[in-house]
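First comes the structure, then the notes that go with it.
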Amino acid sequence: MRVCPRSALLLVLLGVLRHGGASGLLELSLGKFRNVLLNQTSPVEAVIRNIGSNVTVVVFQVHAQQSDVVISFDKTPSVNSSGVGVDRGLVSILRPQQTVCTWYLRALDAGQVLSTAISIPYMEKDPIPGGCNLEFDLEVDPNLYLDYTLVDIHIKFAPANLGYTRGANPPSCDLGTGQSSRWRLRYDVYQYFLPENDLSEMVLVSHIRKMSEVQSIKANGIKMLTLTTDDKTNVYFSSLPGQGVIYNVIVWDPLWNTSAAYIPVHTYACSFADLVDNCSSLSKLSTKVFFTAFAVLGLFTCFFGHRFWKTDLFFMGFIVSAFFFFVFITRVTGLGYDVRLILTAVAGVVGGLLLAGSWWRFGSVLLCMFVVGLVLGFLFVSTLFFTPLGDYRVFRDDVVFWVTFTSVALMVPVLFVGCPRILNILASGIVGSYTVVLAIACYVYTSLAYITLDLLRRVLNDYFNRAYTNVPFQRNDLIILSVWAMLALSGVTVQLRRERSEVPFPPHPYLTWKRERERRSTNVLDPSHHIPPLRERIQNKLLHIKEFFQKDQPAGERTPLLL
């Protein structure tokens, strides 16, 4: 992942120092961004002068990449007059005749912190973000509060209030729920992806500007959903470790057709400070070894799976048994990740050997082809739900989701029941080539890995159905998608050309059984024709077992040795 070159960062810092902002006074203009260098010991006083009389509210905000900053109304911060975080803001309600606003900034920890600051004005008819706050410390709180895990991201915020003129009392937040109250407000939640594999500070600073003002948010962000005042003001998204994402909320007043933006918040869903599994190195060594070896087997199956039929079955059996075993031990045990991965690999090998060793038995050909088709069906449906179709509200219901998922997945082996050779070649080519994508994802971020990862998250986490699973699709993803498509198409084409002159394979189980029955009934020299009935064979087995526990009887007469 790219980081900002040291020389470029030094030039930026010099520019910050030249324009003021290392310490002391920082002069700001409404709607203009300023980079500011903060430290812990010397607070920076940010000032805006000559504010117009038509402005009733000023939202001031500051952003840093990974180090918390403190923003407050007073030089000595208090709980009810300050905020702490990497993305924080304050709302200043202007008094009559007020033309100057002042805020104080400093870094929370020792060391220099590069940040960017902006103040945005709003008029009397514009809604006030966080104006009806009842949960957080600030009286008016325009901030978005973000928490993340390896699975999902949780964003919550305070409801907004209607705008009002300078000097007037704010509208009541709880008096009535009609169209004359704040209950008419709507909240549009937007998402914006930073460039993939880029963790530099300057990239964040330049892109967060696109998600700070209403018009810029609408032009650059992706609108994910709209909340009414009846909805809870919290939203869940799937976590994308290593991928920078910016979120913001626009509150809209449909009566006056006015809008205001909350404070944008960003996350990489990972830690920059951790020595292991940090934002620059997300995959564990065990994960890299597992999926690299898996990709080697998958690449072989992609081009030679149908010719080496047992290897193909081992590959498919490995996938099925490993998936279900990993889900089982994760659900019922508290084992560490590395231990679970090793046990999953062992279970996959056992399952693959069982499937590969049973294909030749009577009736097992149909079962093997069903397993192969089911694996292809699961990948096909996972790809469908990877698209925006997966974020439809109807699929938040687990029953609807799993019934739809299973039904569509089962359609694949059913549709190809009359042409098992085509089914096997398609499955080995497409599934085998996708393992290369999973291996690449261990070293370089790619959204294509979430085709199957989101399915695993949904199985393992009871509340993942509430998360929106939108992912970026940028240049790296286009390149990897092209590699996947090229490998799949090449593998399928090579196998079809090689097998076009071969006899149909595998033979139909019913025709094979019928032919064998006729052969045994007409050919009396066939040893299988003389096989005893089942009842007689069972009795013979029982006799053998009984003889095993009997003592040997003495043979002949024994006399003592006469001396």
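The values are calculated or read from the model by the stated rules, or taken from the named source; none is laboratory data. This one's a predicted model, so the numbers in the text were calculated from it and none came from an experiment. Because the Cβ atoms are built from the backbone with ideal geometry, glycine has one as well, and the counts that use them run over all protein chains shown. Only protein heavy atoms, including side chains, enter the accessible area calculation; ligands, DNA and RNA are left aside. Shrake-Rupley method; radii C 1.70, N 1.55, O 1.52, S 1.80 Å.
The figures follow:
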quantity	calculated
Relative packing of peptides 455-462, 472-479, 429-436 - highest average C-beta neighbours within 10 Å first	429-436, 455-462, 472-479
Qualifying trypsin sites (Lys or Arg not before Pro) in region 168-242, DSSP loop, other Cβ atoms within 10 Å at most 14	K232
Region 285-499: C-alpha gyration tensor shape, a/c 1.5 cut-off, then a/b vs b/c	rounded
F380-I479 FRET efficiency (beta carbon distance; Förster radius 30 Å; 0.05 resolution)	0.85
Whether region 190-280 is rounded, prolate or oblate, judged on the alpha carbon gyration tensor where a/c under 1.5 counts as rounded	prolate
Accessible area in the full protein assembly, largest first, 1.4 Å probe, for D391, D87	D391, D87
Exposure of I246 as accessible area (Å², to 10), given a probe of 1.4 Å and all protein chains	0 Å²
Spacing of the two label points (7 Å from each Cα toward its C-beta) at V84 and Q40, in nm	1.2 nm
Length added when fully stretched, A293-L366, from 0.36 nm per residue minus Cα-Cα	23.4 nm
Summed side-chain charge close to S172 - residues other than S172 whose Cβ falls under 15 Å, Lys, Arg +1, Asp, Glu -1	0
Rounded if a/c under 1.5, otherwise prolate or oblate - the chain, Cα gyration tensor axes	prolate
Residue-level accessible surface for F370, protein heavy atoms, 1.4 Å, Å²	90 Å²
Residue-span extension gain [V100 to V414] - 0.36 nm each, minus C-alpha spacing	105.8 nm
Accessible-area ranking of R396, R517, largest first, probe 1.4 Å	R517, R396
Solvent-accessible surface (1.4 angstrom probe) belonging to E45, in square angstrom, nearest 10	60 Å²
